[in-house]
Amino acid sequence: MTLLTNRATHEHANELGLSLLAQGKLDQAYDQFRTAIAAAPCYGPSHLNMSMVQAKRGNLRESLVHCEDALKYMPGDAAVLRNLAKLHDAMGRTEASLAYNKRAAAVAPHDATLARTIALQNVARGDIPHAYDAYAVHRRILGKKVDLKI
C-alpha cells in the first residue's frame, strides 16, 4: 500500500507543481516538486521540473543539480540535455553548454533551433568551420537557405 500511496503522492504533487509553475507561483511549485521528489526520488521529470523552478528563482547551482539528477534517471532525453546546455551557458560554461547541445542534437537531429544554437555557439568561440557545419545542418532541416550572421 505504501508504494501506491507514494506513487499517488508524487503524481499529484508533480501535476500540482506544474500548474503552480505555469501560474508563476514559484515557492508553492518548489514545495510541490520537493514533495514529489521525496515520494519518488528516481522519477526524472520531477527533478527536471524542480530544475526549472530553481532556474526561475535564480538558483542556477541547485537547478543544475536537479537537471543532472533528471539526466541520471532519463539518460539521453533531449529536453534534459537542452536544459543542461542552457544552465551551463547561463553560468558562463560555454564548452560544457556546447557539449550538451551536441548530445541533444544527436538525440533530436531534426531540431533546427538546436542546430542554429550550435552554429552560433561555434561562432562565439571563433570556430567558423564548425559553425558552418552546424549552419548546413540547420539549413538542411529547414529545407531552405537562411543567413548565418558572422
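Spin-label pair Leu142-Asn59: with each label point 7 Å from Cα along the Cα-Cβ axis, the two points sit 3.9 nm from one another.
Mind pulling the angle between the C-alpha long axis of helix 44-56 and the longest principal axis of the chain? Nearest 10 degrees, somewhere in 0 to 90. With rounding to tens, the tilt is 70 degrees. Using the Cα coordinates of segment 78-150, the gyration tensor eigenvalues translate into equivalent-ellipsoid semi-axes of 19, 15, 8 Å, sorted from longest to shortest. Quick one: Cα centre-to-centre distance for segment 69-92 and segment 1-55, in angstrom? Answer, in whole Å: 18. Label sites at Arg34 and Thr113, each approximated as a point 7 angstrom past Cα along Cα to Cβ, lie 3.0 nm apart. Spin-label model, Lys72 to Ala106: label points 7 Å out along the Cα-to-beta-carbon direction sit 2.1 nm apart.
Evaluated at q = 0.21, 0.29, 0.30 Å⁻¹, a Debye calculation over the C-alpha positions of segment 18-73 (equal weights, vacuum) places log10 I(q)/I(0) at -0.66, -1.17, -1.21. Once divided by 2.2 N^0.38 Å, the Cα radius of gyration of the chain becomes 1.21.
Per-residue ellipticity at 222 nm, computed for the chain from helices alone with -39500 (n - 2.57) per DSSP H run of at least four residues, works out to -25500 deg cm²/dmol.
For Leu26 and Ala96, a Förster radius of 25 Å and the Cβ-Cβ distance give a FRET efficiency of 0.45, rounded to the nearest 0.05. Counting neighbouring beta carbons within 10 Å and listing from fewest to most, the residues Lys86, Lys25 come out as Lys25, Lys86.
Each value in this text was obtained by applying a stated rule to the coordinates, not by laboratory testing. Bear in mind that the values here come from a model prediction, so they are computed numbers and not experimental data. Quick reminder, even Gly has a Cβ in these numbers, built from the backbone with ideal geometry, and neighbours come from all protein chains shown.
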